[in-house]
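Participant: Quick one: the structure is below, questions incoming.
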Amino acid sequence: MDDELRAVLGSMASKLDEVLTTQREHGRRLDRIEQRLDGVEQRLDRMEPRLDRMEPTLDRVAGEQQQVKEMLAGVRLREIGRLDGRIDQLAQDVGFARRAS
């Protein structure tokens, strides 16, 4: 039984070494991931003030964009009205030309 016990203990010791090696590898991977996360957090901390400074500019641009849209809508309506009047005038001119012929 001593030989069997030694074989079992030897096998368990081998498995324990494998588990410990795997655990160390995972620990190193976790350390690298934590370092990357720290880097990402630092970059986000640096970007946050920039975004805060950009917010009023974005609001201003959105307001200007709305004004331009409203202005273009008015211009389009005026142009449609002008073209409609021109079409009516051309239709009358064609009617007069036909009557004159």
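Computed from the coordinates by the stated procedures, all read-outs in this text should not be read as laboratory data. Keep in mind that this is a model prediction, so the values were computed, not measured.
Participant: Computed from the mean reciprocal separation of all distinct C-alpha pairs, what Kirkwood hydrodynamic radius does the chain have, in Å?
Facilitator: 22.6
Participant: Could you tell me how many degrees, from 0 to 90 and to the nearest 10, lie between the Cα long axis of helix 2-100 and the main elongation axis, the longest principal axis, of the Cα atoms of the chain?
Facilitator: Helix 2-100 sits roughly 0 degrees off the main axis of the chain.
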